[in-house]
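Shown next, in C-alpha cells, is the structure this report addresses.
Nothing in this text is a laboratory measurement; each read-out follows from the coordinates by a stated rule. Keep in mind it's a predicted model, so treat the numbers as computed, not measured. Cβ coordinates were reconstructed from backbone atoms using ideal geometry, including for glycine residues, and neighbour counts include every protein chain displayed.
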Amino acid sequence: MSTTRPYSPGDRGPEPGGASGMSGGAAPAGGAPEGGVTTPTGPPGSAGGGIRRLDFDGQSGVVPLARDFTRQALYEWGWLPAATADRRAAAEDVLLVVSELVTNACLHAEGPDHMAITCDKKVIRLEVTDRGTGQPAPRTPHRAGRPGGHGMFIVQRLCLDWGVVRAADVAGKTVWAELGTPA
C-alpha cells in the first residue's frame, strides 16, 4: 500500500511532531555530531523506545553506511543477536528495506540527505529524506524475471505500510516505511 499519510492508520496515531520529532515527518537536516550520527533516545537495549538519525552529507558508500547504522540500532534495541529464526528474519527485512529506500534515493533523487529510525514496542519506522521531486511507486505490472525495478515492490511486500511526506517549504520528500517489531 502506498500512501501520502505522514503516519500509518490504526491505534498508534501520529507521534507528536512526526516520528522523527520534526513537523512533516522529516528528520532534521543538521545538528548531528561528526560522522552524521545522533545518539539514540530511549533506554539502551530496549526493544521499544528509540530514535536514531544519520546525516549523509559528504558521505560516500551511503547504502552500506545506512545498513551498518541500522544494524547497530537493531543491536542496541535488542533485535540482534536474534534468538529465533523469526527474529532474525525480521531484522533482515528491516535491513533490506533500508537498502531499498536509500538505493532509490541514490538512483532517482540525487542521493539521500538523512535517515531516521524510530522503534517502539509495535513498529519500527524508517524514514529516508532526499531532495528529489519524483514519486516512488512499485513498478506495475511487477515482472519478477526482469532486472531492476523491484525496490518499492519489495518495500510494499515487507512493510505494514509506507508512504511519502512532502513539506511545503522544503524541496524533496521523506519516504517512510513501517515494519512490525518481532514478537
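Note the full-extension length gain between residue 133 and residue 67 as 0.36 nm times their separation in residues minus their Cα-Cα distance, in nm to one decimal.
Details: separation 66, 0.36 × 66 = 23.76 nm, distance 2.44 nm.
Length difference between fully extended and current span is 21.3 nm.
Filter the GluC sites (Glu not before Pro) in the range 43-118 down to the DSSP loop ones having no more than 13 other Cβ atoms within 10 Å, then list what survives.
Within the range 43-118, the qualifying GluC sites (Glu not before Pro) (loop, at most 13 other Cβ atoms within 10 Å) are 110.
By its C-alpha gyration tensor, with a ≥ b ≥ c as the square roots of the eigenvalues, how is the range 98-183 shaped: rounded for a/c under 1.5, else prolate for a/b larger than b/c, else oblate?
Taking the square roots of the gyration eigenvalues as a ≥ b ≥ c, the range 98-183 is oblate.
With a cap of 11 neighbouring Cβ atoms within 10 Å, and only residues DSSP puts in a loop, list the trypsin sites (Lys or Arg not before Pro) found in the range 82-172.
121
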